[in-house]
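Student: Pasting a structure below so you can have a look.
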Amino acid sequence: MKKVVVIWSSPNQDGLTASAKNQIIHGLSEAGAEMKEIPLNRKKLEHCRACGNGWGTCNKTGSCVIRDDFAEIYQELKEADGIVWISAVYWSDMTECFKAFFDRLRRCDATCNHSLTEKRCVLVACAGGTGRGTLECLTQLERGLTHMGMRVYDRISVVRYNRDYILPVLDEAGKTYVDRLENGFDMYY
Ligand SMILES: Cc1cc2nc3c(=O)[nH]c(=O)nc-3n(C[C@H](O)[C@H](O)[C@H](O)COP(=O)(O)O)c2cc1C
């Protein structure tokens, strides 16, 4: 059985982002994945302090000096076969909460641990305003994941306009993702 972590960020527990998250989780569960949900906005996560002259313990020991929920979430990601990253779109970017987590994760993993290298991922950006900025948000997420050597297999935009027809697609996306994790991704990366 494949373990999939769904890490998502929005302050709203019943908004567009949460609907997208619920739909892909439904597909993942139907396909038989072991699923772990991480609601980032409910976690205690501080910003990187850029210790010392810019590098603290992160690039030496692969850990962060701040004692909050970061280490526990990082461990969950390390143990996952697949990771689904879902963010609300703020200012054509990922949420501030996601940025704070991402900054610290990238420092520890890209420079020292390399334990997320080659993790296979799916990205979802949910923009409930004009819908502008989903592509930039997905690009920013992928840029960070690429720094850590992760691989992105799908990038899905959810906006108010496509909500009714994209939510069923997310269900299918979850099922396909589990199938590929089990049977292989039919593309060279
Ligand atoms: C600070 C802030 C910035 C936002 N920027 C954008 C944006 O660039 N594009 C957009 O379409 N919506 C934007 N929105 C709207 C969010 O994408 C909207 O809240 C969306 O529904 C997020 O999902 P939610 O329903 O889970 O909150 C912004 C919202 C906030 C609070």
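No value in this document is a laboratory result; all are computed from the given coordinates. Predicted model, so just to flag it, every value in this text is computed and none were measured. With ideal geometry, Cβ positions are generated from the backbone for all residues, glycine too; neighbour counts draw on all protein chains shown.
Student: Could you list, ordered by first residue, the pairs with Cβ atoms under 6 Å in which the first is in region 76-94 and over 13 Å from LEU40 (Cβ atoms) and the second is assigned to a strand (DSSP E or B) and within 14 Å of the ligand (Cβ to nearest atom), at least 6 apart or interchain?
Tutor: VAL89/ALA125; VAL89/ALA127
Student: Take region 56-72 and flag every residue that is free of Cβ contacts under 8 Å to residues at least 40 places away in the same chain and either hydrophobic (A, V, I, L, M, F, W, C) or under 16 Å from LEU116 (Cα atoms) (or both).
Tutor: Within region 56-72, VAL65, ILE66, PHE70, ALA71, GLU72 qualify.
Student: Something else about it: Given the criterion of a type in the set (Asp, Glu) and within 16 Å of the ligand (Cβ to nearest atom), identify the matching residue among GLU37, GLU76, GLU46, GLU72. Before you say what the answer is, go through the steps one by one.
Tutor: Numbers: GLU76 fails: within 16 Å of the ligand (Cβ to nearest atom); GLU46 fails: within 16 Å of the ligand (Cβ to nearest atom); GLU72 fails: within 16 Å of the ligand (Cβ to nearest atom).
Answer to the check: GLU37.
For (1) more than 14 Å from the chain's Cα centre (by Cα); (2) of a type in the set (S, T, N, Q); (3) more than 16 Å from the ligand (Cβ to nearest atom), each residue gets a yes or a no:
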position: LEU138; (1), (2), (3): no, no, no
position: ASP154; (1), (2), (3): no, no, yes
position: ASP164; (1), (2), (3): yes, no, no
position: ALA173; (1), (2), (3): yes, no, yes
position: GLY184; (1), (2), (3): yes, no, yes
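Student: So, in region 14-47, exactly how many residues are more than 13 Å from GLY174 (Cβ to Cβ), without any contact (Cβ under 8 Å) to a residue 12 or more places away in the chain and within 17 Å of the chain's Cα centre (by Cα)?
Tutor: The total comes to 2.
Student: Let me ask something else. Considering only region 140-152, how many residues are away from the ligand (no atom under 16 Å from the Cβ) and either over 18 Å from the mean Cα position of the chain (by Cα) or touching a residue at least 40 places away in the same chain (Cβ under 8 Å) (or both)? Spell out the reasoning first.
Tutor: Of all residues in region 140-152, those away from the ligand (no atom under 16 Å from the Cβ) come to 142-152.
Add one more test, that the residue is either over 18 Å from the mean Cα position of the chain (by Cα) or touching a residue at least 40 places away in the same chain (Cβ under 8 Å) (or both), and what stays is 144-145, 147-148, 150.
Qualifying residue count for the region: 5.
Student: Can you work out which of the residues in region 3-34 that are out of contact with any Cys (no Cβ under 6 Å at 6 or more places or on another chain) and of a type in the set (Ser, Thr, Tyr) is farthest from the ligand (Cβ to nearest atom)?
Tutor: Going residue by residue through region 3-34, those that are out of contact with any Cys (no Cβ under 6 Å at 6 or more places or on another chain) are 3-8, 10-15, 18-19, 21-34.
After this cut, where a residue has to be of a type in the set (Ser, Thr, Tyr) as well, the list is 10, 19, 29.
Working: SER10: 3, SER19: 8, SER29: 21 Å.
Result: SER29.
Student: Ok, one more. Give the residue, chosen from SER87, SER92, SER115, that is surrounded by fewer than 21 Cβ atoms within 10 Å (Cβ to Cβ), among the small types (Gly, Ala, Ser) and within 16 Å of the ligand (Cβ to nearest atom). Spell out the reasoning first.
Tutor: Numbers: SER87 fails: surrounded by fewer than 21 Cβ atoms within 10 Å (Cβ to Cβ); SER115 fails: within 16 Å of the ligand (Cβ to nearest atom).
Just one listed residue meets the conditions, SER92.
Student: Now for a separate question. For region 137-170, enumerate the residues that are touching a Leu at 6+ places or on another chain (Cβ under 9 Å) and of a type in the set (D, E, K, R).
Tutor: Correct list: GLU142, ARG151, ASP154, ARG155, ARG160, ARG163.
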